[in-house]
1. I'd like to know if segment 56-75 contains one or more residues that are closer than 24 Å to residue 172 by Cα and crowded, with 18+ Cβ neighbours inside 10 Å.
2. Given the residues 39, 105, 4, 73, which is the only one that is aliphatic (A, V, I, L, M) and at pLDDT below 90?
3. Take segment 149-163 and flag every residue that is surrounded by fewer than 20 Cβ atoms within 10 Å (Cβ to Cβ) and under 18 Å from residue 106 (Cβ atoms).
4. What pairs come up if the first residue lies in segment 2-13 and is within 18 Å of residue 213 (Cβ to Cβ), the second is in a strand (DSSP E or B) and of a type in the set (Gly, Ala, Ser), and their beta carbons are under 6 Å apart, counting only those six or more places apart or on different chains?
5. Please go through segment 142-174 and give me each residue that is closer than 18 Å to residue 128 by Cβ and of a type outside the set (A, V, I, L, M, F, W, C), ordered by number.
6. How many of the residues in segment 10-37 are within 19 Å of residue 168 (Cβ to Cβ), under 17 Å from the mean Cα position of the chain (by Cα) and part of a helix (DSSP H, G or I)?
7. Please tell me if residue 120 is closer than 19 Å to residue 90 by Cα and touching a residue at least 12 places away in the same chain (Cβ under 8 Å).
8. Considering segment 164-218 alone, what residues qualify as being surrounded by fewer than 17 Cβ atoms within 10 Å (Cβ to Cβ), without any contact (Cβ under 8 Å) to a residue 60 or more places away in the chain and either of a type in the set (D, E, K, R) or under 23 Å from residue 36 (Cα atoms) (or both)?
Amino acid sequence: MIKAVIFDFDGLLVDTETIWYEAFREVFYERYQVDLDLAGYSECIGTGNDVLYSYFRKIAGDAVECELLEELAAARYTSMMRAPVLREGVKEYLEEAKQNNLKIALASSSSKQWVQSYLEQLNIIDYFEVINTKDDVKNIKPDPELYIKTLRDLDLTSKETVVFEDSLNGLSAAKQAGIRCIIVPNAVTKNLKFEDFDERIESMSQISLSSLLKKIERIT
């Protein structure tokens, strides 16, 4: 029986990923006249900057100034993300999980400060019993450590939980931890070749949480 739901953050609860892509694409082209390919960029989502930097060097050469690019993109991101909003159906899922006495957790490869600032701004932080970020583990996604720690903090087994993810790296982390995973892609990740997931929905407004979990519980 499912007793908890675990959510990723970036790109899943709030579509930060699309704006980050646009910000990086703009500054990358301005400095190097190289188009930041969406397909290549999207495979870097859900993990650390080392993977993203490696991709930058691959398409623009070893001399690419990764830290400067990130600094410029962050400034562009801030100007573009003036009023963050939850993706469709997120608030309803959180409320439904609460009403059904499910534990709610969050596991993100971003920093604690980044995640909590958004959760507070959107007034949803109180829904989460457990919040784990890159500050709480040695290895981030696609390594399963974030999910293994979250299971331990929830005092539940992998069979008693389900993960919601939007990226390949997040999916890999969840499956390595033995947790069933539901993919909810965003505009940046929707064309990725997701495999070995347990269910895929295009939006949390597509189906109620209760109906979705009933389908998932039938998966052995």
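The values are calculated or read from the model by the stated rules, or taken from the named source; none is laboratory data. Values in this document were obtained by computation on a predicted structure and should not be read as measured data. Every residue, glycine among them, receives a Cβ derived from its backbone with ideal geometry; neighbour counts consider all protein chains shown. SASA here: full protein model, heavy atoms, side chains in, ligands and nucleic acids out. Shrake-Rupley method; radii C 1.70, N 1.55, O 1.52, S 1.80 Å.
1. Checked segment 56-75: at least one residue is closer than 24 Å to residue 172 by Cα and crowded, with 18+ Cβ neighbours inside 10 Å.
2. Values: 105 fails: at pLDDT below 90; 4 fails: at pLDDT below 90; 73 fails: at pLDDT below 90.
Just one listed residue meets the conditions, 39.
3. Filtering segment 149-163 for residues surrounded by fewer than 20 Cβ atoms within 10 Å (Cβ to Cβ) gives 149, 152-160.
Result: 149, 152, 153, 154, 155, 156, 158, 160.
4. 6/105; 6/107
5. 147, 149, 150, 152, 153, 155, 160, 161, 165, 166, 170
6. Number satisfying all stated conditions: 5.
7. On the way: closer than 19 Å to residue 90 by Cα: yes; touching a residue at least 12 places away in the same chain (Cβ under 8 Å): no.
Taking the combined requirement at face value, the residue does not satisfy it.
8. 190, 193, 195, 196, 200, 202, 214, 215, 218
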